[in-house]
Amino acid sequence: MRVQDYGSCSLPGTRYGSLNQDFCFVETVEGQLVKAYISAVLDGHGMLGEKCAKKAGRSICSSFRQLYQEQGCLKLREVQESLILAFEEAHKKGQSLYSKPPSSYEYPKGSAACELYELSKVKGAWHYVCNQGATPLEFGTTCTACLLSGDELAVAHVGDSAAVLGFVDDENEDYAAERVTRSHTWTDRGEAGRVQGMRGVTVTDDGYLRVLEGQWQGQEIATSRALGHHMLSNYGVIPTPEVEVLQLEPRHCCLIMASDGVWDHFSADEAVRAVMDSVDNGSNAQGAAEELASRAVELAKDSNGSGSADNTTAVVFLMHS
């Protein structure tokens, strides 16, 4: 298998004004034998979430590049250990923002609800304060990262962004998808089981982790794994990725990585069909990524009645044997 083409698109949507807390990249790197492709999609959340996503993403890119240049091939056990270490380093890079946060911050920038927040310490912890009150400084980011070399694909993942492989379904004469990642949310029994019995937290019926005591009482999060969290890392939110190393097959036609702005409105099969329909109609990977993200934004605006669309990001790789 070879990468034929790739492209990416990241749109701010409408929910947060001009603020886009998603971050993505695609880079090529020369190895000992063949060229590799490094890519990631990150979806920041919380105040400074966009800065966390960029810091963590750039760290992932650097670590993956170094890994491939040193190894030049993907050996399952070695890659798993190396990618986990890369995520730990990216987690630390994200957390470094807590040491010197901006003294003032407009959030969400460009929206009608934008407020100017001033940094202040409340009970020994950083908060952003505005006329509406004080908000604890707590942020993080999802990360779905891929290293693609020849017919081998390594994926490391935390959060609810996702990667899917598209393939030609000869039996049904259509395109279909196989998920490479699973969502790390508290609705997953395994994820919820990690905090079962932990003091000071509970998982709510609607799938949020809620802090029950102390100065962080009432804080909630839907994502069970993420990079960059400070306070919530003490309550069960972990940066440890799940890692998969896969052998690509001649039937595989595309790889799609996207934030939840896409997956909230497309199933894996629907996303693959949308991308491949674009390609069959003459688009390249860049055009297919742009069309997928744009359609997701339009679907979001139409579906919720308020015209509100999340930050939306898609990366598309097209492959041929």
Practice task
Taking Ser120 as the residue in question, decide whether it is among the small types (Gly, Ala, Ser), more than 28 Å from Gly13 (Cα to Cα) and without any contact (Cβ under 8 Å) to a residue 24 or more places away in the chain.
Solution key: yes
Practice task
Test Trp263 against the criterion of being among the aromatic types (Phe, Trp, Tyr), surrounded by 14 or more Cβ atoms within 10 Å (Cβ to Cβ) and over 30 Å from Ser303 (Cβ atoms), and give yes or no.
Solution key: no
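Considering only the range 182-199, I want to know if a residue exists there that is on the phi > 0 side of the Ramachandran plot and surrounded by fewer than 12 Cβ atoms within 10 Å (Cβ to Cβ). Even if it seems obvious, please write down each step before you answer.
So in the range 182-199, the residues on the phi > 0 side of the Ramachandran plot come out as 197.
Checking which are surrounded by fewer than 12 Cβ atoms within 10 Å (Cβ to Cβ) leaves us with 197.
Within the range 182-199, one or more residues are on the phi > 0 side of the Ramachandran plot and surrounded by fewer than 12 Cβ atoms within 10 Å (Cβ to Cβ).
Could you grab me the full set of residues in the range 77-88 that are under 13 Å from Leu67 (Cα atoms) and either free of Cβ contacts under 8 Å to residues at least 24 places away in the same chain or buried (at least 17 other Cβ atoms within 10 Å of the Cβ) (or both)?
Taking the range 77-88 as the starting set, the residues that turn out to be under 13 Å from Leu67 (Cα atoms) are 78-87.
Matches in the range 77-88: Glu78, Val79, Gln80, Glu81, Ser82, Leu83, Leu85, Ala86, Phe87.
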Completion exercise
Condition set within 19 Å of Ser224 (Cα to Cα) and either in a loop (DSSP other than H, G, I, E, B) or β-branched (Val, Ile, Thr) (or both), scope the range 10-47, selection nearest to the chain's Cα centre (by Cα): answer is Val41
Exercise for the section: Starting from the range 270-294, take each residue that is closer than 11 Å to Tyr175 by Cβ and list its partners that are surrounded by 20 or more Cβ atoms within 10 Å (Cβ to Cβ) and of a type in the set (Val, Ile, Thr), counting only C-beta distances under 8 angstrom and pairs at least six apart or across chains. Expected result: Ala271/Val164; Ala271/Ile256; Ala271/Val262; Val272/Val164; Val272/Ile256; Val275/Ile256; Val275/Val316
Exercise for the section: Output the number of residues of the range 150-175 satisfying the condition of being surrounded by fewer than 22 Cβ atoms within 10 Å (Cβ to Cβ) and among the polar types (S, T, N, Q). Expected result: 1
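Can you say whether Leu255 is under 30 Å from Gly124 (Cβ atoms), buried (at least 23 other Cβ atoms within 10 Å of the Cβ), touching a residue at least 12 places away in the same chain (Cβ under 8 Å) and not hydroxyl-bearing (Ser, Thr, Tyr), as far as the supplied structure shows? Outline the logic, then answer.
Details: under 30 Å from Gly124 (Cβ atoms): no; buried (at least 23 other Cβ atoms within 10 Å of the Cβ): yes; touching a residue at least 12 places away in the same chain (Cβ under 8 Å): yes; not hydroxyl-bearing (Ser, Thr, Tyr): yes.
No.
Identify the residue in the range 128-179 that is small (Gly, Ala, Ser) and free of Cβ contacts under 8 Å to residues at least 40 places away in the same chain and, among all such residues, is nearest to Cys61 (Cα to Cα). Lay out the reasoning, then the answer.
The initial filter retains those residues of the range 128-179 that are small (Gly, Ala, Ser), namely 133-134, 140, 145, 149-150, 154, 156, 159, 161-163, 166, 176-177.
Checking which are free of Cβ contacts under 8 Å to residues at least 40 places away in the same chain leaves us with 133-134.
Details: Gly133: 37, Ala134: 35 Å.
Selected residue: Ala134.
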Exercise for the section: Could you check how many residues of the range 185-202 are more than 20 Å from Leu227 (Cα to Cα) and among the aliphatic types (A, V, I, L, M)? Expected result: 1
Exercise for the section: Answer yes or no: is there a residue in the range 184-194 that is assigned to a loop (DSSP other than H, G, I, E, B), among the polar types (S, T, N, Q) and either touching a residue at least 24 places away in the same chain (Cβ under 8 Å) or more than 23 Å from Ser259 (Cβ to Cβ) (or both). Expected result: no
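Using the structure shown, decide if Asp5 is of a type in the set (Asp, Glu), closer than 28 Å to Leu299 by Cβ, touching a Ser or Thr at 6+ places or on another chain (Cβ under 6 Å) and part of a strand (DSSP E or B). Spell out the reasoning first.
Details: of a type in the set (Asp, Glu): yes; closer than 28 Å to Leu299 by Cβ: yes; touching a Ser or Thr at 6+ places or on another chain (Cβ under 6 Å): no; part of a strand (DSSP E or B): yes.
So Asp5 fails the test.
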Fill in the blank from the handout: How many residues of the range 209-228 are farther than 19 Å from Met47 by Cβ and of a type in the set (A, V, I, L, M)? The answer is 1
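Bear in mind that the values in this text are calculations on the coordinates, not laboratory data. None of these values were measured; they are calculated from a predicted model. Here Cβ is always computed from backbone atoms with ideal geometry, including for glycine, and neighbour counts include all displayed protein chains.
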